[in-house]
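Step one of this worksheet: look at the structure below.
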Amino acid sequence: MKISDYIKNAHANIKKMPKKERFAYFLDYYKWHVVAIVLALALLVQGVVTICNRKEIVFYGVLLNCMIGVDDEAFLDGFYQHAGIDPDTQEAAFYTDLMLKDGNSKNDITAFQRIIAGIATKETDFVVGQEASFRLCAYNTSKLFVDLREFLDADTLAQLSGKLYYIDGAIVEQLSAEVGTEIDPNLMTSADPTKPETMTDPIPVGIDISDRQAFQSAYYFPDTVLYLGIVSNTPRPELCRQLIDYLWS
């Protein structure tokens, strides 16, 4: 018998079966095909829904050594309203999983590479950290943070008087020395970031936000000394200014 004749006979026999037997026959021979089609359709629908509901990231920050169990809803709601960010279609993404201590451990090196990569790709707008981790970023010879004298207006700088974190440009130049040059390991810690008058070339690159309770309670433990730095190539400078304004509003 030809295969075509066999198929015709099989179809004819199936038509003669009661409905229940036909259904059982269908399940026996085609159930996995149906399951595969249903799963494929479900994944397709899920993908379309995810894409349609995906929000545009309009602001990005790195929060170093953040506390576990971040509860930032109240802070972000207020910031969205202040900055005119539509929470239905847009969001601010704060990366809170990086731990950076003294720069010597393998984890520190990985974290620093992540920070550098985010800045190089113009993904990151600002960095917040405690004194030790912030100092490592501030004195990086790639000049990660913007000179706030070139970023903020005179009134805002005056408002932040006593809150600015300074680095000594002369020390940055020494750190940029050619490979092989002997460098004092205590060079970065030799300058007090709150006393620009003791520096050769004081540059304000950070803001002390330790007493900004709304931010601190959302991301850090109480009484943590925190500094905020705006990255030098931020693609969203106006939102950075809005953040500073919101912190002091």
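The values are calculated or read from the model by the stated rules, or taken from the named source; none is laboratory data. It should be emphasised that the depicted structure is a prediction, and the values quoted were computed from it without experimental measurement. Reconstructed Cβ throughout: ideal geometry from the backbone, glycine too, with neighbour counts over all protein chains shown. Note: areas computed on protein heavy atoms with side chains; ligands, DNA, RNA excluded. Shrake-Rupley method; radii C 1.70, N 1.55, O 1.52, S 1.80 Å.
Annotations for the structure displayed:
- Restricting the first member to the stretch 95-122 and to residues that are open to solvent by 90 Å² or more (accessible area, probe 1.4 Å), and the second to residues that are outside any helix (DSSP H, G or I), the beta-carbon pairs closer than 7 Å and six or more apart or on different chains are N107/M99; K122/N233; K122/P235.
- Qualifying positions in the stretch 190-206 - among the small types (G, A, S) and in contact with a Leu (Cβ under 7 Å, 6 or more places away or on another chain): G206
- Wholly within the stretch 32-142, helices (runs of 4 or more DSSP H) carrying at least 3 residues that are at pLDDT below 90: 106-120
- Boolean, A83 is out of contact with any Ser or Thr (no Cβ under 7 Å at 6 or more places or on another chain) and open to solvent by less than 60 Å² (accessible area, probe 1.4 Å): yes
- Filter result (open to solvent by 40 Å² or more (accessible area, probe 1.4 Å), outside any helix (DSSP H, G or I) and of a type in the set (S, T, N, Q)) within the stretch 194-249: T194, T200, S232, N233, S249
- Considered as a group, the residues in the stretch 140-159 that are without any contact (Cβ under 8 Å) to a residue 60 or more places away in the chain and more than 19 Å from F112 (Cβ to Cβ) include one that is most open to solvent (accessible area, probe 1.4 Å), and that residue is E150.
- Some residue of the stretch 170-192 being of a type in the set (D, E, K, R), under 27 Å from R236 (Cβ atoms) and open to solvent by less than 70 Å² (accessible area, probe 1.4 Å): no
- Scan of the stretch 94-116 for residues that are under 14 Å from K143 (Cα atoms) and out of contact with any helix residue (DSSP H, G or I) (no Cβ under 8 Å at 6 or more places or on another chain), ordered by number: I116
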